[in-house]
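Okay, structure first, notes after.
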Amino acid sequence: MVRKAVYFYGIAPCTGGLAFGYDTGSMSGILAMPQFLTYFKNPSNFRQGGITASILAGAFAGSLLTGAFLADRLGRKRTILLGSAIFTIGCAISAAANNIEALVAGRVINGLGNGCLTMMVTMYQSEIAPREIRGRIISVFQCFVNFGILIAFWIQFGTSHINGSAAWRLPMGLQMIATVALHVTMWFMPESPRWLVQKDRQEEALQVLAQVHAGGDINDPYVQAELAEIVAKLSFEKNHPPPSYFDLLLGSQRRRMWIGIGVQFWQSMTGINVIMYYAVFLFQQAGLGATSSSLLANGLQGVVLNVFTYPNMYYMDKWGRRWPMVIGGVGMGISMMIIGVLMKAYGDPVFDSLTQKTNFDFTNAAASRTIIAFVYIYVAWFAITWACVAWVYPPEIFSMSMRGRATSMTTATNWFINFWFALYIPTAMAKISWKLYMIFMALCYLMSVVVYLFYPESAGKTLEEMDFLFSKGRSVWTFLDPEATRIGALFQRDLEHGEALTVFDEDGMVLKDKVRQVEDVVDANVHGEEK
Ligand SMILES: OC[C@H]1O[C@](O)(CO)[C@@H](O)[C@@H]1O
């Protein structure tokens, strides 16, 4: 039975997601405000991209540095404290900026904190939550990301009516509320029990497990079993050194590593951030002329994003990870196709000198409305399928010894791809207009195929059980492997009564003869009933 306290400890650090989302949505509306564009002397498309992308460059470095130097050394809690402090400083600098250089510098610092937090918070959550609700707990992170985006859009809509630089300084400064809230919250959070065991601080780990799972009772069988599993796995891993970056990328762990990187890669390749960073421009392209109506459409788009992420969060452990990814790719691909085709077929290109974009005039108002509708439909598909999975899946498939480094690389992938998108999408919107959406259509279809062929299902499995799915000699063609595509546990044991997985073979696999596999148990039950 999962106790309520776990939800609290898993969800409280999600204000980090709020800050991340606010960041993501931070430039979208601002870039369309004449108050901002004239203050910075009408920046070119490339400069607009550079301002947006500066956060992502910082975040890319921040997530890698955190994985390489901080996560294991400082621990999860102190790293989050540090990240939120850096983030806050960055926000203050950008809100006070008087020239593009200061704005960009502030946003890079802001991003360093963001990259650090984003990887650390999801890792902390995956280490604190039991498997039955792990997906759901980490998904809450994405809900906060989306909520942050929503708040940013609407604040910008509101402040766009203010004259002068407060129109954009205010939304930038308000972001600090989320980072300060996270900082304060983390003072009261326990350290990750897995990290404590890794540092030979078992007594403290036991206390934390008891606090999180059993109202402080260290003798609770569930708590004892959890500790036994963590200790067994970590002591095994201590005798078997963590994989090097070479091993991760090209050696023994490469299959997991590339699958993990792939999830973040494909999630970005959906094209979601074309919309999150620049939807205002897209709405202008689709025929919504005035700044305020496109800012309003953007705000509504944020609502769609949020509403459709909740079912994803709630049912994530039921629906699993594989099928939502496959179906989502197809749904988003079709939407992108319709957007691109209608722009090409019904739009007359016109150049907008304020935003420096190629927009379209639509004599056929229905075509323009259909495009806008399909932007919303696309966003809904993303939200209900791919939104949460990119954060849930990678830390789930990695073993403990590789988790710090590997998760930082998967998170860095998000920032890396989004950096380039942020930088060049304004230019691409001006130069290749509707063709941009056809490129994303193709990528969406492709990701469905890749996931179907190669990605194992991680829902309902312990972090330790996942190792089994990546054991040597198992086919990489996941769709042919029934164990790898099934939702749910691979081994049968009763954690409530203290039954733990503690025996591993040379390769770190749970020894099969020590635990009964679910299939055997199911077989035995069916057999028993037949008799
Ligand atoms: O919900 C949209 C947001 O979610 C992310 O994909 C992260 O999962 C961001 O890159 C994006 O801006």
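Only the coordinates and a few stated rules stand behind these numbers; no lab work does. Since this is a predicted model, take the numbers as computed values, not measurements. FYI the Cβ positions are ideal-geometry reconstructions off the backbone, even for glycines, and counts take in every protein chain you see.
A compact table of results
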quantity: Spacing of the two label points (7 Å from each Cα toward its C-beta) at LEU453 and TYR314, in nm; calculated: 3.6
quantity: Extension gain from PHE8 to SER244, taking 0.36 nm per residue of separation minus the Cα-Cα distance; calculated: 81.5 nm
quantity: Relative contact order for the chain, counting Cα pairs under 8 Å that sit 6 or more residues apart, in percent; calculated: 22
quantity: Sites TRP323 and THR427 - FRET efficiency at Förster radius 41 Å, r taken between beta-carbons, to 0.05; calculated: 0.70
quantity: Unsatisfied cross-links (Cα-Cα over 30 Å) in the set LYS238/LYS318; LYS199/LYS318; LYS4/LYS77; LYS41/LYS431; calculated: LYS238/LYS318; LYS199/LYS318
quantity: Mean Cα-pair separation over length for segment 1-142, i.e. relative contact order, pairs under 8 Å, 6 or more apart, %; calculated: 36
quantity: FRET efficiency, ASN364 to ALA85 (Cβ-Cβ, R0 41 Å, nearest 0.05); calculated: 0.20
quantity: Calculated FRET efficiency for the pair ASN163/GLU101, C-beta based, R₀ 25 Å, to 0.05; calculated: 0.50
quantity: Overall Cα dimensions of segment 289-415, principal axis frame, Å, largest first; calculated: 58, 30, 25
quantity: Equivalent ellipsoid semi-axes - Cα gyration tensor, the chain, angstrom; calculated: 42, 26, 19
